[in-house]
1. Would you check if GLU75 is charged (D, E, K, R), open to solvent by 70 Å² or more (accessible area, probe 1.4 Å) and touching a His at 6+ places or on another chain (Cβ under 8 Å)?
2. Among (1) touching a strand residue (DSSP E or B) at 6+ places or on another chain (Cβ under 7 Å); (2) modelled with pLDDT of 85 or more, which single condition is TYR63 missing?
3. So which residues in the range 85-115 are farther than 18 Å from LEU217 by Cα and crowded, with 17+ Cβ neighbours inside 10 Å, if there are any at all?
4. Go through the range 79-114 and give me each residue that's under 14 Å from the mean Cα position of the chain (by Cα) and modelled with pLDDT under 85.
5. Under 7 Å between Cβ atoms, at least 6 apart or on separate chains: pull out the pairs that start in the range 73-89 with a residue that is under 18 Å from ILE35 (Cα atoms) and end on any residue that is surrounded by fewer than 12 Cβ atoms within 10 Å (Cβ to Cβ) and not polar (S, T, N, Q).
6. Quick one: count up the residues across the range 320-345 that are open to solvent by 20 Å² or more (accessible area, probe 1.4 Å) and among the aliphatic types (A, V, I, L, M).
7. For the range 290-339, name all the residues that are of a type in the set (S, T, N, Q) and more than 23 Å from TYR125 (Cα to Cα).
8. In the range 12-36, what count of residues is obtained for those that are under 15 Å from PHE79 (Cβ atoms) and of a type in the set (S, T, N, Q)?
Amino acid sequence: MLEKIKKLGHILNDSRSEKSLYSSLKDFFNQDFGISEFNLNIYNRKDLTHLEYSIPLYKNKMYLGSLEFSQMPQELMNFSDICAPFVSMKIQNILLNEKMQKDVNFHETMKNIAKIIETQYELQYIIPIIGEMLDKFFEDYLIYIFLKDESTDANVLSYPNACNDKKILSVVNNLKEKLSVTDKIYALPLITENKNIGTLVAKSTSDEISAKDKDYLEQLAGQMAITINRANVYAEILKHATLDALTGFYNRHQLEERIKQEVANAKRQHAPLCGIMTDIDFFKSVNDTYGHAVGDLVLKTIAKVIRGQLREYDIAGRYGGEEFSILLPFTKINEAKMVAERLRKAVEEKSVNISKILPDNDVKEIKITISMGVYEIKEDDKEEDLMEKADKALYQAKNTGRNKVVINND
């Protein structure tokens, strides 16, 4: 018996999660007591099959769950009287650690949502980032984000790409205030400045949504609404500005104005004009791995490299997110390809030093590559064709290996 108690002590000491504790205890009771089936049932979870023999687990008179066995020989009964308090203590420690870690992750998620506005202001980029943050935080929930269409006052799905759950769609269309539709669906309006701008929905894929998670969802919905509202206000301000605050390039609105001007000039003068669409490879992975501060540094670094490779009269703009657009007036397609290849190589050879942002990280420098699509406008093209056809070439570059230049010969 003493040897078994020592072995259990090692198991409890080595286990860092509910999953690892369950796995180790299952092997222990099978090998040392010949028990064929075992459950570690915390808080009487509904997703487990309840076995015939059960030993309750308490800590300070608080019920934690139970050890469940398919059979209960006398030796196991005697051993369980001794081991149950120690297992209870271990479970309580695991639960407390998990709660503390979830609180840390929650505050980190709140902070990251608030920081998005520092680098992004277009909802088509912001909403997927927020959705992915919530998916990562609520691992057992499906997250849906709907935004109000001001022209129709209807809620339109913005994240993810599709929702086929008729119950969720019905809830969103009829939601007036926060509402728990079932134990597994929780929907909240996104309210800012007394205005409803959308709906956040969480659907559990396992247990019912806990009161604590509902509280998390309410706070996150509030932060989301503030961030989305700020993005809308900022986007409106930027319509009247010309430069992107992070990179110093033309912003999307001003870039589109310059495209109109350059296309008109090229056609009037019968001069060549090329457009380049550029995308940073695996930029999402950079943000996920190192955080948005490093992502910002990468954007600034790429912008600096681009600026150093262009002529004085070439035009560069931040198209959105991690995409840049470049206009090359008086440039034929073969020359534009050379410019793009030179730029691609310059980025490939550049190292981004992240040690000042993450001084404790083992990685001090990261390497970045870009994919590029190039197109030369034709006489019968419309102004929007320039960047749209360059973007098609970019899409091909990204889907055939990345870190390359692809020419669209239409």
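The values are calculated or read from the model by the stated rules, or taken from the named source; none is laboratory data. Keep in mind that what you see is a predicted model, and the values were worked out from it rather than measured. Reconstructed Cβ throughout: ideal geometry from the backbone, glycine too, with neighbour counts over all protein chains shown. Accessible surface is based on the protein model in full, side chains and every heavy atom, while ligands, DNA and RNA are left aside. Shrake-Rupley method; radii C 1.70, N 1.55, O 1.52, S 1.80 Å.
1. no
2. (2)
3. Hits for the range 85-115 are VAL87, SER88, LYS90, ILE91, ILE94.
4. none
5. PHE79/MET1
6. 3
7. Within the range 290-339, GLN309, THR331, ASN334 meet the criteria.
8. Adding up the residues that qualify gives 2.
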